[in-house]
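Here's the structure, in structure tokens; my notes come after.
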Amino acid sequence: MAHLCLSNYYMDDRAYQENELIEEHARQGHQVLVIASTQVLNTERQREFVAPGRYRNDHGVDVVRLPYHPALPHRLAKSLRVHRGVYQLLEAFAPDAILFHGMCGWELLTVRRYKQAHPEVKFYVDTHTDFINSARGPVSKWGLHYLYYRPIVHRCLNAIDRVLYISALTGRFARDFYGVPDSKLEFYPLGGHPVPDDEYRRLRETIRADLAVPAHGTLFVQSGKQASHKKILEALRAFAEVPDPDFRLVIAGSLLEEVREEAEALIQVDPRVRFLGWQSPAQLKALLCAADVYLQPGSQSSTMQTSLCCRCALILEDMEGHEIYTDGTGWRVTDQAGIVAALQEIQSGAADLDAMKGRAEALARNKLDYAVLARRILH
């Protein structure tokens, strides 16, 4: 199995989708090769460049970092994403399947050429690109994406088995802007690791005791960088409107300046609410196992998939793509009134929270487990 990370940032010590799939393929006993660029993001999410070369990472996976093509100025080459030696690496490794991470770059043409020479090889491309995170300015949209990346994609479509999109918005971008036909598109969500029963019970009991959650209490968790578009203020006001003594709300992450003063005031006057600050991935997983409902009333976050793997019901913003996650597992809301209505359903018992959590667990095990997602590429 070859993973080509030439159109995104591959870092060994992260938990992004490409890392999880690469590690899962290695865990399942497959030989794995990663071909990556030298461009990475540091802990401050700033671009950096590491040395080219070959090494074996902590999961026993061979990683080859290729420099940008020396015939082009570096600034141009890193936008066009042109490298030298990709075809030779594929020939030497002879993969049964190739997953090209990111649908933007010259080396798609190289993999097309390899696929034409080896038609039995599976060739998948994943895409995380939408109009929120890409093609926002006219030069990027019309110069780079429309006149450069898009024609490359079209030349490769006859060789690509599937274009895997992670959300409704990325699927729409691929279909409407790049012109990828529906017959080539396949939904391939961000995943997670469903927590085993014993670990779930242990974490749940420990954290709920630490937080002094009542025996029959309902714990809500909201996480991440809380800004106005995350609707943290609406969530806090809604919580105040439903003064159930058995409700608890924990906020993990940070409060940005635009909401901090009012959010802190609302937290201060409600003893049922706690602000924990930033949590490590392990701490956040434990907190979500303790939770009953994950709150994400504004925007999107990959923590939502993690919460499903931790058996949480959901309160999500009513936006395109969220309906597949809330079918029988929660609510989609647009404003404070919608959050209040969901809380009142839980308070009154009209909502069967245990059944919702059970369906969340089933969704995670059947559709979001990275072990399942990794196998989909190979079969």
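Using DSSP to define loop residues, name the trypsin sites (Lys or Arg not before Pro) in region 12-68 whose beta-carbon has at most 10 other beta-carbon atoms within 10 Å.
45
Once Lys and Arg get +1 and Asp and Glu get -1 on their Cβ, which of 181, 223, 151 lies farthest toward the positive end of the dipole of region 120-228?
Of the listed residues, the answer is 151.
When DSSP beta bridges are limited to those with both residues in the chain, what percentage is antiparallel, rounded to the nearest 5?
Here the antiparallel bridges make up roughly 15 percent for the chain.
Using only Cα atoms, tell me the angle between helix 232-241 and the longest principal axis of the chain; keep it within 0 to 90° and round to the nearest 10.
For 232-241 against the chain, the angle is about 20 degrees.
Using θ = phi - 60° and the Karplus curve 6.51 cos²θ - 1.76 cosθ + 1.60, what whole-Hz ³J(HN,Hα) does each residue of region 304-309 get, with Gly and Pro shown as x?
Listing the rounded values in order: 4, 5, 4, 5, 5, 5 Hz.
By how many degrees, between 0 and 90 and to the nearest 10, does the Cα long axis of helix 17-27 differ from the longest principal axis of the chain?
For 17-27 against the chain, the angle is about 80 degrees.
How long is the gain from residue 59 to residue 87 if the chain were fully straight, where each residue apart is worth 0.36 nm and the alpha carbon distance is subtracted?
Additional length available on full extension: 7.6 nm.
Keeping all protein chains in place, calculate the accessible area per residue for the chain (probe 1.4 angstrom), answer in Å².
With the other protein chains kept in place, the chain gives 45 Å² per residue.
Report the local net charge at residue 361: Lys and Arg +1, Asp and Glu -1, summed over other residues whose C-beta lies under 15 Å from its C-beta.
My count for the surroundings of residue 361 gives 0.
What figure in square angstrom, to the nearest 10, would you give for the accessible area of residue 228 with a 1.4 Å probe?
70 Å²
Read phi for every residue in region 363-379 and hand back ³J(HN,Hα) as whole Hz from Karplus 6.51 cos²θ - 1.76 cosθ + 1.60, θ = phi - 60°, with x for Gly and Pro.
Coupling constants for region 363-379: 4, 5, 5, 8, 10, 10, 4, 4, 5, 5, 4, 5, 5, 4, 6, 9, 10 Hz.
Report the charge-dipole magnitude of region 60-184 in Debye, nearest 20, computed about the Cα centre from +1 at each Lys and Arg Cβ and -1 at each Asp and Glu Cβ.
Rounded to the nearest 20 debye, it is 480 debye.
Heavy atoms only, probe 1.4 angstrom, no DNA, RNA or ligands counted: give me 18, 205, 264 ranked by accessible area, highest first.
From most exposed to least exposed: 205, 264, 18.
Give the long-range amide H neighbours of residue 97: residues separated by 5 or more places, or on another chain, with amide H under 5 Å away, using H modelled in the peptide plane at 1.01 Å from N.
Under 5 Å from the amide H of residue 97: 2, 122.
Mind checking region 271-339 for GluC sites (Glu not before Pro) that DSSP puts in a loop (not H, G, I, E or B) and that have at most 15 other Cβ atoms within 10 Å?
Answer in residue order: 320.
Rounded to the nearest 20 Debye, what is the dipole magnitude of the chain about its Cα centre when Lys and Arg each give +1 and Asp and Glu each give -1 at the C-beta?
In debye, rounded to 20, the chain gives about 1580.
Tell me the angle of helix 336-348 to the major Cα principal axis of the chain, expressed in degrees between 0 and 90 and rounded to the nearest ten.
60 degrees
What does the charge add up to near residue 181, with Lys and Arg as +1, Asp and Glu as -1, over the other residues with Cβ less than 14 Å from its Cβ?
Counting the neighbours of residue 181, the net charge comes to +1.
What residues qualify as long-range amide H neighbours of residue 279, i.e. H under 5 Å apart, gap of 5 or more or another chain, H built at 1.01 Å from N?
Placed amide hydrogens put 253 under 5 Å from residue 279.
Can you give me the % of accessible surface on the chain that is carbon or sulfur? Probe 1.4 Å, all protein chains present, nothing else counted.
Accessible surface attributable to carbon and sulfur in the chain totals 50 percent.
What number, in percent, do you get for the relative contact order of region 168-310 if the mean sequence gap of Cα pairs under 8 Å and at least 6 apart is divided by its residue count?
33 percent
Charges at C-beta only: +1 for Lys and Arg, -1 for Asp and Glu. How large is the resulting dipole of region 94-136 about its Cα centre, in Debye rounded to 20?
Using Cβ point charges on Lys, Arg, Asp and Glu, region 94-136 gives about 140 debye.
Which residues' amide hydrogens lie under 5 Å from the amide hydrogen of residue 225, considering only partners 5 or more residues apart or on another chain, with H built in the peptide plane?
Amide H neighbours of residue 225: 254.
Hand me the chymotrypsin sites (Phe, Trp or Tyr not before Pro) from region 231-313 located in a DSSP loop with no more than 12 other Cβ atoms within 10 Å, in residue order please.
For chymotrypsin sites (Phe, Trp or Tyr not before Pro) across region 231-313 that sit outside H, G, I, E and B with at most 12 neighbouring Cβ atoms in 10 Å, the list reads 278.
In a GNM of the chain with a 10 Å cut-off on Cα contacts, which of 276, 343, 287 has the highest mean-square fluctuation?
Highest fluctuation of the listed residues: 276.
Over the chain, with a Gaussian network built from C-alpha contacts below 10 Å, which listed residue (145, 128, 216) shows the highest mean-square fluctuation?
Result for the chain, Cα springs under 10 Å: 216 fluctuates most.
Would you mind giving the three semi-axes, in whole Å and largest first, of the ellipsoid equivalent to region 1-48 according to its Cα gyration tensor?
21, 12, 6
List, in order, the whole-Hz ³J(HN,Hα) value for each residue of region 52-60 obtained from phi through the Karplus relation with A = 6.51, B = -1.76, C = 1.60 and θ = phi - 60°; use x for Gly and Pro.
Those phi angles translate into x, x, 10, 7, 10, 7, 5, 9, x Hz.
With volume of the Cα convex hull per residue in Å³ defined as stated, name the option among (1) 135; (2) 174; (3) 147 computed from the structure displayed.
The calculated read-out lines up with (3).
Describe numerically, in nm with one decimal, the distance between label points set 7 Å from Cα along Cα→Cβ at residue 155 and at residue 362.
4.8 nm
The values are calculated or read from the model by the stated rules, or taken from the named source; none is laboratory data. Source: prediction; values computed, not measured. All Cβ positions, even for glycine, are placed from backbone atoms using ideal geometry, and neighbour counts span all protein chains on display. Ligands, DNA and RNA are stripped out before the accessible areas are found, and what is left, the full protein with its side chains, is counted by its heavy atoms. Shrake-Rupley method; radii C 1.70, N 1.55, O 1.52, S 1.80 Å.
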